[in-house]
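J.: The following block contains the structure, expressed as C-alpha cells.
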Amino acid sequence: MNRAIDFFLSSTMRWLLLALAIVFPLVVTSEYLVYVMALAFVWAIAVYGMNIITGYCGQLNLAHGGFFAIGAYAVAILTVDHGWPFWPAFAMAGVFGAVFGLLVGVVSLRLKEHYFAIFTLSVGYIIYLLIDKWEELTHGSLGIISISPPEGFGLVDFTQTVPFYYLVLAFLAFAIWITRRISESLLGRTFRAIRISDDLAQSLGINLMRNKVLAFVISTVYAAFAGGLYAGVVRFIGPEQANFIHTFDMIAYLLVGGFGTLMGPLAGTLIVTWLTQAVQGLEEYRMIVFGPLLVLLVIFFPKGIVGTFLSWRGRRLARQAPRGDRASRTGGSEPTADQSQGARNNA
Amino acid sequence: MLKLEGVDAKYDSFKALDGISMSVEPGELVVLLGANGAGKTTLFNTVSGLMKPAAGRISIDGKDVTGRKPSALVAAGVVQCPEGRKLFPSMSVLKNLRLGGYVHRRDRAGMHKTLEQVLAMFPILDEKKDEPAGSLSGGQQQMVAVGRALMGRPKLLMLDEPSLGLAPLVVKQVFETVRQINAEGTTILLAEQNAYAALKIANRAYVIENGRLTMQGDREEMLGNEAVRKAYIGA
Amino acid sequence: MELFIQQILNGLTLGSIYGLVALGLTLVYGILHVPNFAHGALYMVGAYVCYFAMVELGLNYWVAMVAAAAVVALLSVLCERLVFHPLRHAPPIHDKIAAIGILLFLEAVVQMHWGADFRRIPTPYNEILRLGELTLPVQRLLIIGGAFALMGALHLYLKKTMTGLTIIAMAQNREGAFLVGIDANRVAMMTFAIAGALAAIAASLFAPINLVYPAMGHLVLLKAFVIIILGGMGSIPGAIIGGLIIGFAEALGGFYISSTYKDVIAFVLLVVILSIKPTGLFTKGVR
Amino acid sequence: MTFTKTIRRVAAATALAMGLAGGAHAAETVNIGFTGPLSGGAALYGENTLEGLRMAVEEINADGGIDVDGTQYEINIESLDDMYSPSRAAVNGKRLVQQSNTPVVFTPHSGGTFALQAFNERDGFLIMSYTSIPSVTEKGNELTVKIPPNFTDYVEPFTKIAMERFGKKLGVANATHDYAKYWTKAFVPAWKEAGGEVVASNPMDYNKSADFYTGVSKVLSADPDVLFVGGASEPTGLVVRQARELGFEGGFVVMDQAKIDEVANVAGGMDAVEGAVGVTPLAHSDNPGAADFVEKYKQEHDNVATSETAYNYFAMHLVARAIEQAGTVDDPIAIRKAIPEALADLPAEYNPYDVQEISDDGDLIIDAEVAEVVDGEIELRRISDLKDDD
C-alpha cells in the first residue's frame, strides 16, 4: 500500500499522467471532450500562477482574473489593431503581465491579509472597468472579434482543436515543471516561510517585500500567458473576461485541488471543469448544488484533494516512523506536506 | 477549591504541560513560581478554559470542569486576571469594570455594590473612570485588570504576573492589594517570576519548570530552599 | 447652487445605504475577522423578503421591512452556525471561499423561486417635496432619516447595553472578553443577526427607488468592502463616515467629473488611500 | 483498496452524469441547440429567449413534428447555460454539436455568437443569433442568421418624430453595454444630421448602477428637449421616472431594447412616458401574427410576452420549416439555403413581427412599426409610411 502511495507521488506518476494526456485525443472520439480539456488546461496554467502567490506564498490575490484578461487583451489588441502575428503578441502578453504585476505588487503587497485580498479585489474591478470604459484601446463593451489564432508550423494548424490541445498541453507541462523547480529551490522554501508568518520569514533574514513581489510577478506572468492562449482559442474577448467571477472560479479550482501542492491546481481544475460539465443538465439550478458543495469542501477537506492525500500519507508515515526507521524515505517530490502549519492557529 | 490531576496540555505536538497535579484550598494564597516559558500562562489558560487539556482532570469544589468553556468557569467563580491585562483599550475604565461583572449582569444591586468596593480599593480609578483604559499608565491599567477580575466576584482569583513591567514602587502597591484581597476572603493563585515579593504574602508555593511541577512547600520552606533562592530570588 | 445641494442629497441617500451595509460587514469583521462575501446576498434576500411580504402577502411597508429584517437576521445566524463557526480554526482563505459558496447558493435559490426578473417594491410614499429648484422625493428623505435613526439606535445599543458592550469587548480583545465570562458563540450569533437585519433594512429602504433582482447585491457589497477598508476594518464610525465619503464622491464625482467613471471613483479612492496609508483612514478597532 | 474503489465509483458516476446530460439520440428526434445565460445577471433575458423556442417546439411537436424527406421528426431543445460568457458558449457549442448532433444552435448574445463563429463553419452548424449587433453578419460567416432586424431602420423615424414634436436639443442618457453603444453610434450622428444638437451626453451603466439621480440630473442641467434613453425596460423606467421627478417635461427616444409599456409600468404610468418614441409593444401591434402570439403566450404565462420571446418563437418555426424544406436534419448549409423559401411559406400566425425577407448576409428584414405616446395612448406608424411622408 505504501509503495502505491509513494508511486502516486513519484515522478514516474507524472510521466504516466503526461503519457495519458498525450493519448487522450487519440482515444476519445468526441472533439468536444478534447476542447473542454484544452480550455481546462489553459485555466490550469493560470491556476498554477495563483498557486505561487496564494498557495505557496499565502497571499490571496483577487485580481488574478484581471491579469488573465490583460494577457488576453494584449494578444487581441496587438493582433487585431496592430496586425501583429500571434507569437510575438503572445510574448508581449507575458511582458505586460510582468509589468502590471510589478506595479500592482509593489503597491498592494505592503498590505496584509484581508487588506491585501480586498485591495486586489478592487484592483481587479478597476481592470474590469478600465477595459469596459477605455474604448479607444479595448473596444469597450463591444469586445474584440477575429483574434488571430496561433500560427502553425508546417502542416500543424492550431485552429484545429487537437493540435491546439497539444500546444496547450506543452505549455502546461512547462508551467508545472517551472513550478516544481521553484517549489524545490530556496525560493520555494522562502515563499513557504512567508506563508507561515511574516515574522518568521523576517527572522530568517528574508527580504519580505522583494520575495512577495517576485512571487506576485511570477503569478501574473502565468496568468497573462494563460490569457494569451485563451484569446488564441476562443478568438473573441470582452470585458466580462475580467469579471471577478473568473477569479473566484480559479480559487475554487485551487481549493479543490489543494493550496500549495504541486499537482493540486491541475487536479482541481480538471475535477471542477468536468463536474461543471456533468451538472450542466441542472442549468440555472446547478449553483444550488455547487454552492453548498464548496462550503462542505472547505469545512471537511480544507486542504483540497491533493493536500488531504498528502496529509493522509504524512500520518501513515508518522505512525510507522517509530517502528521502521524510514520516515526520511518518501516519494520526495511533494515538499509541501507542511501546508497545514500555515493555518491560522487562533480564531 | 481547585484541584488538578495529571493535566497535560499541548500546542500541536509540543507538550506545554506534563502531568500537572496540584490543589488550592479555600482562603489560601498560593504562588506559582516559574521562569518565562515554563508553562505558567498555559496552566492558567487551561484552568480558565481558554485551552483544552489533552489529558487529566480539573475540578472546582469537587465538581469536574475539565474542558468547560471560559464563560462556564467564570460563572463557577474562577476568574483570571491575565498576563498583559487584556483590557478593552478604547472603552472607558468604568465600562471595563462593568464588563468584569458580566456574569452577574442581572444582579444590578450586587454589581453596583462590588463596583463601589473596587473603586474604593483603587481610588485613582474612580478619578479616571471615564477615560479610555488604553490611555492609562501601566500600573493603573493593572489596577483596572485586577478590578475587572474582582467585579466577577471570584471565589478563586488567578493573577498572572501582575507585577510585569511595573515600577518597583507600583509593584509593592500591587502586592499589598493582592494581600488585602486575600485577607478579605478570596482564594488566590498567583503566578510570578518576582519570587521574593510573592512568597512574602503567600501561604504555599509551587515551582513549575518545562511544564512540570518540580517543587512545592509552604512559605518558610520555599524561602529557605537553596534552589529556589538561587533560581528565583537571586540571593 | 441648487444643483450642488441636489447632489449633496443624492450623496446622503447613497451614503446612508452604503453605510448601513458596511456597518454589518464591519461588525462581523470586528468579531470574527471574516470578510463576509455573502453579505451582499443577505442584502439581496432582504429585498426579496420585503417584496414577498409586501407584494405577495399584501402587508404594510413597515411590517414587511420588519419581516425582512427578522428573516435575514435568522438566515445570517444560520450562516454563522453552519458555516463560519465550523471554520473558525481554518486558514482565512477558507472563510472567504465558503462565503462565496453561500453567495452562489442564495442567489440560485432566489432565482429559482422568483426568477431573474427585475421586480419593484412599491413605496407608499410617492410624494415629492419641492423647495425652489430642489426635488425631494419623500422616499429618499425616508432613506436618509431611517438610516441615520438606525445608526443612532445601534450606537446606543452598543454603548449603553450590556449585551451591546459584549460585542465591542469581543472586537477589542477576544481573550479579555472570554475571561470576563462572555460567551463567544452568543456574541457571534448576535453580531451576525444584527448585520443581517441591517442589510435587510437597507435593502428594504432602498429597493422602492431601485429594482430588485438576484444580482443586486454585487456592487453594493464591493463598495461596502471599499468603505470598511477606508474606515478601518472593524471600526463602526469608520463604516459610517466611509459610507458618506463614497456616497458623496459618487454623487459629486458623477455629476461634476464623469458618470461614466462614477463606479470607478470608489475603487480608485481606495487604491490611492491605501497606497498612502495602508491601514485605512481610521485606526483599527471598534470604538 | 478503498481508495481505488472510490475512484472507480466517482468515475462511474461522472460517466453516468455525462451520458445523461449528453442526451440520448432517438431515431426520430432532431436536437436543436441553445446556449445562453440561464443564471447570473442576464438570466431573465436568456430565459425569455429560450421560452420562445420552447413554445414553438411544443406547437410543432403537438402537430406531429416535422416531415423530413418522408420521416417524421420530433424536435428536442438541448439548452445549456453559458452565463453570458463567450468561452462557455464555445464549450457549449462544441458539446451540442458533438454530443447532441445539433445542426442549429441558437444563442442570444453577441459574445457567444463571435465565439461560436470561430468554428461553426468547420464543425458544421448554423448559428441563429439573437443580437442586433451588425458585425455578427458583416464578417461573412456563411452559417449565421441574425434574428432581430437592424435597429438602424429605427434611427431616422425616431429622430424625425421626436424632433418635430419637442425640439432639437438632445440629452443622451442611455445605457453603456455593447448594444447601447452601437445605438448611440448610429443615433447621435443621425440626430445631428437632421439639424439637432447634443447638449449633454452621459450614458450610465443600467445594469449595475445603484442610483440614476446623479446621472439624470447631470443631463437635465443642460436643459435638453429630448432624452435618449434605453437599456433593459425596468431600469429605463427608473431613468424616465427620475427624469420626471427632477422636472423634465420633454420627450424620450427609447432604444428598442426597452418596451414602452414595460417602461411605463416602472415610470409611473403612461402619463410619465408621454412623448416617448420607441418600438411597438407586441400587444399593440397591427401585425396579423402578433395578436395570435400574445394570446398563446397569455394562456401559459401571467405576464406580457417580450420581443425576445416572440422573435425566437418565430425563428424556431422558421428553422423547423427550413429543415423540412431542405429535406435533411444534418446539413446546415442546405438548411441555411432553405430559409428564404421557408420564410415565404411561413404562416402569419408564426410570424408576429411580419418578417418579410432575409438578406444574403443573413439579416432578417421587416417593415417595423414605430410607437409614439400621444396623450397617454400608444399610436402606431409604419416605417414605410413615414418614409413616404418625405
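The values are calculated or read from the model by the stated rules, or taken from the named source; none is laboratory data. These numbers were taken from a predicted model, which means no experiment stands behind them. Using ideal geometry, Cβ is built from the backbone for each residue, glycine included, and neighbour counts are taken over all protein chains shown. Just the protein is used for accessible areas: all its heavy atoms, side chains included, with ligands, DNA and RNA removed. Shrake-Rupley method; radii C 1.70, N 1.55, O 1.52, S 1.80 Å.
J.: Say we look at the range B:184-196 and pick out the residues that are in contact (Cβ under 8 Å) with a residue 60 or more places away in the chain and under 14 Å from the mean Cα position of the chain (by Cα); which of these is farthest from B:L164 (Cα to Cα)?
T.: Filtering first and then ranking leaves B:T187.
J.: For the range A:19-40, which positions are within 17 Å of the chain's Cα centre (by Cα) and open to solvent by 10 Å² or more (accessible area, probe 1.4 Å)? Walk me through how you get there before you give the answer.
T.: Let us first name the residues in the range A:19-40 that are within 17 Å of the chain's Cα centre (by Cα), namely A:36-40.
Scanning the range A:19-40 gives A:M37, A:L39.
J.: Quick one: would you say B:S163 is open to solvent by 50 Å² or more (accessible area, probe 1.4 Å) and either more than 13 Å from chain C (Cβ to nearest Cβ) or in contact with a strand residue (DSSP E or B) (Cβ under 7 Å, 6 or more places away or on another chain) (or both)?
T.: On the way: open to solvent by 50 Å² or more (accessible area, probe 1.4 Å): no; either more than 13 Å from chain C (Cβ to nearest Cβ) or in contact with a strand residue (DSSP E or B) (Cβ under 7 Å, 6 or more places away or on another chain) (or both): yes.
No: the conditions fail for B:S163.
J.: Here is a follow-up. Among (1) part of a helix (DSSP H, G or I); (2) surrounded by fewer than 24 Cβ atoms within 10 Å (Cβ to Cβ), where does A:G83 come up short?
T.: (1)
J.: Let me ask another. If you scan the range B:73-110, which residues turn out to be open to solvent by 50 Å² or more (accessible area, probe 1.4 Å) and in a loop (DSSP other than H, G, I, E, B)?
T.: B:E83, B:G84, B:K86, B:P89, B:S90, B:R105, B:R106, B:D107
J.: Any residue at all in the range B:135-147 that's open to solvent by less than 20 Å² (accessible area, probe 1.4 Å), within 21 Å of B:A72 (Cβ to Cβ) and among the aliphatic types (A, V, I, L, M)?
T.: For the range B:135-147, residues open to solvent by less than 20 Å² (accessible area, probe 1.4 Å), within 21 Å of B:A72 (Cβ to Cβ) and among the aliphatic types (A, V, I, L, M): absent.
J.: If you scan the range B:197-235, which residues turn out to be touching a residue at least 12 places away in the same chain (Cβ under 8 Å), basic (K, R) and surrounded by 14 or more Cβ atoms within 10 Å (Cβ to Cβ)?
T.: Across the range B:197-235, the qualifying residues are B:R204, B:R212, B:R219.
J.: Next question. I need every pair where a residue in the range B:132-157 that is closer than 13 Å to B:K95 by Cα and of a type in the set (D, E, K, R) has its Cβ under 6 Å from the Cβ of a residue that is assigned to a helix (DSSP H, G or I) and open to solvent by less than 10 Å² (accessible area, probe 1.4 Å), sequence separation at least 6 or different chains.
T.: B:R148/B:N96; B:R148/B:L97; B:R148/B:G100
J.: If a residue counts only when it is modelled with pLDDT under 90, which strands (runs of 3 or more DSSP E) contained entirely in the range B:1-48 have at least 2 such residues?
T.: Output list reads B:2-11, B:14-24.
J.: Follow-up. Failed condition for C:G254, given (1) more than 9 Å from chain D (Cβ to nearest Cβ); (2) modelled with pLDDT under 85; (3) open to solvent by less than 20 Å² (accessible area, probe 1.4 Å); (4) in a helix (DSSP H, G or I), with all others met?
T.: Of everything listed in (1) more than 9 Å from chain D (Cβ to nearest Cβ); (2) modelled with pLDDT under 85; (3) open to solvent by less than 20 Å² (accessible area, probe 1.4 Å); (4) in a helix (DSSP H, G or I), C:G254 misses just condition (1).
J.: A further question follows. I'd like to check something: does the range D:215-229 contain any residue that is under 30 Å from C:K223 (Cα atoms), of a type in the set (S, T, Y) and surrounded by fewer than 23 Cβ atoms within 10 Å (Cβ to Cβ)?
T.: yes
J.: What number of residues within the range D:262-295 are charged (D, E, K, R) and either touching a helix residue (DSSP H, G or I) at 6+ places or on another chain (Cβ under 7 Å) or under 20 Å from D:L343 (Cα atoms) (or both)? Don't jump to the end; show me each part of the working.
T.: Our first condition is that a residue be charged (D, E, K, R); within the range D:262-295, this holds for D:262, D:271, D:274, D:286, D:292, D:295.
Those left that are additionally either touching a helix residue (DSSP H, G or I) at 6+ places or on another chain (Cβ under 7 Å) or under 20 Å from D:L343 (Cα atoms) (or both): D:262, D:286, D:292.
Qualifying residue count for the region: 3.
J.: Can I ask one more? Among the residues of the range D:307-329, is any farther than 25 Å from D:V30 by Cβ and under 20 Å from the mean Cα position of the chain (by Cα)? Steps first, please.
T.: Step one: of the range D:307-329, the residues farther than 25 Å from D:V30 by Cβ are D:307.
Adding the requirement that they be under 20 Å from the mean Cα position of the chain (by Cα) leaves D:307.
The answer is yes, given that some residue of the range D:307-329 is farther than 25 Å from D:V30 by Cβ and under 20 Å from the mean Cα position of the chain (by Cα).
J.: May I pose another question? More than 22 Å from B:E28 (Cβ to Cβ) and either open to solvent by 20 Å² or more (accessible area, probe 1.4 Å) or of a type in the set (V, I, T) (or both) - does that describe any residue in the range B:174-183? Outline the logic, then answer.
T.: Residues of the range B:174-183 that are more than 22 Å from B:E28 (Cβ to Cβ), as a first pass: none.
No, the range B:174-183 contains no residue that is more than 22 Å from B:E28 (Cβ to Cβ) and either open to solvent by 20 Å² or more (accessible area, probe 1.4 Å) or of a type in the set (V, I, T) (or both).
J.: Taking the condition without any contact (Cβ under 8 Å) to a residue 24 or more places away in the chain and closer than 23 Å to A:M92 by Cβ, does A:F225 pass?
T.: Working: without any contact (Cβ under 8 Å) to a residue 24 or more places away in the chain: no; closer than 23 Å to A:M92 by Cβ: yes.
Judged against the criteria, A:F225 is not a match.
J.: In addition: Quick check: is even one residue across the range C:129-148 open to solvent by 20 Å² or more (accessible area, probe 1.4 Å) and under 30 Å from B:L159 (Cα atoms)?
T.: Checking the range C:129-148: not a single residue is open to solvent by 20 Å² or more (accessible area, probe 1.4 Å) and under 30 Å from B:L159 (Cα atoms).
J.: Oh, and also: Go through the range D:285-317 residue by residue and tally those that are within 12 Å of D:V355 (Cα to Cα), open to solvent by 20 Å² or more (accessible area, probe 1.4 Å) and touching a Phe, Trp or Tyr at 6+ places or on another chain (Cβ under 7 Å).
T.: Result for the range D:285-317: 0.
J.: Let me ask something else about it. Where in the range C:159-219 are the helices (runs of 4 or more DSSP H), entirely inside, with at least 3 residues that are crowded, with 24+ Cβ neighbours inside 10 Å and within 14 Å of chain B (Cβ to nearest Cβ)?
T.: C:162-172, C:174-179
J.: Okay, moving on. Tell me which of these C:G280 doesn't satisfy, since it passes every other one: (1) touching a residue at least 40 places away in the same chain (Cβ under 8 Å); (2) away from chain D (no Cβ under 14 Å); (3) open to solvent by 20 Å² or more (accessible area, probe 1.4 Å).
T.: (3)
J.: Can you find even one residue in the range D:264-271 that is under 20 Å from D:P134 (Cα atoms), open to solvent by 10 Å² or more (accessible area, probe 1.4 Å) and away from every other protein chain (no Cβ under 14 Å)?
T.: No, the range D:264-271 contains no residue that is under 20 Å from D:P134 (Cα atoms), open to solvent by 10 Å² or more (accessible area, probe 1.4 Å) and away from every other protein chain (no Cβ under 14 Å).
J.: Scan the helices (runs of 4 or more DSSP H) fully inside the range C:36-117 and keep the ones with 2 or more residues being open to solvent by 30 Å² or more (accessible area, probe 1.4 Å).
T.: Ranges flagged: C:61-79, C:92-114.
J.: Which number in (1) within 14 Å of chain C (Cβ to nearest Cβ); (2) more than 19 Å from the chain's Cα centre (by Cα); (3) touching a residue at least 40 places away in the same chain (Cβ under 8 Å) marks the one condition that D:K259 misses?
T.: (2)
J.: I'm trying to understand the selection: among the residues of the range A:247-256, which are more than 8 Å from every other protein chain (Cβ to nearest Cβ) and open to solvent by less than 10 Å² (accessible area, probe 1.4 Å)?
T.: A:T247, A:M250, A:L254
J.: Of all residues in the range D:80-114, count the ones that are touching a strand residue (DSSP E or B) at 6+ places or on another chain (Cβ under 7 Å), more than 7 Å from every other protein chain (Cβ to nearest Cβ) and among the small types (G, A, S).
T.: Count: 4.
J.: Another one. Taking the range B:56-68 on its own, how many of its residues are surrounded by 15 or more Cβ atoms within 10 Å (Cβ to Cβ) and more than 19 Å from the chain's Cα centre (by Cα)?
T.: 2
J.: Continuing with this model, one more query. Only strands (runs of 3 or more DSSP E) wholly contained in the range D:133-232 count here; list those with 2 or more residues that are more than 21 Å from the chain's Cα centre (by Cα) and within 14 Å of chain C (Cβ to nearest Cβ).
T.: Here the list reads D:169-172, D:197-201.
J.: Now for a different question. I'd like to verify a number: residues in the range D:235-256 that are surrounded by fewer than 23 Cβ atoms within 10 Å (Cβ to Cβ) and within 13 Å of another protein chain (Cβ to nearest Cβ), how many? Walk me through it before giving the result.
T.: From the range D:235-256, those surrounded by fewer than 23 Cβ atoms within 10 Å (Cβ to Cβ) are D:241, D:244-250, D:256; that's our starting set.
If we keep only those that are within 13 Å of another protein chain (Cβ to nearest Cβ) too, we end up with D:241, D:244-248.
Number satisfying all stated conditions: 6.
J.: Can you work out which of the residues in the range A:127-148 that are more than 8 Å from chain D (Cβ to nearest Cβ) and in contact (Cβ under 8 Å) with a residue 12 or more places away in the chain is surrounded by the fewest Cβ atoms within 10 Å (Cβ to Cβ)?
T.: If we take residues in the range A:127-148 being more than 8 Å from chain D (Cβ to nearest Cβ) and in contact (Cβ under 8 Å) with a residue 12 or more places away in the chain, then A:L137 is surrounded by the fewest Cβ atoms within 10 Å (Cβ to Cβ).
J.: Shifting gears a bit: With respect to D:E28, is the statement that it is open to solvent by 30 Å² or more (accessible area, probe 1.4 Å) and at pLDDT below 90 true? Steps first, answer last, please.
T.: On the way: open to solvent by 30 Å² or more (accessible area, probe 1.4 Å): yes; at pLDDT below 90: yes.
For D:E28, the condition - open to solvent by 30 Å² or more (accessible area, probe 1.4 Å) and at pLDDT below 90 - is met.
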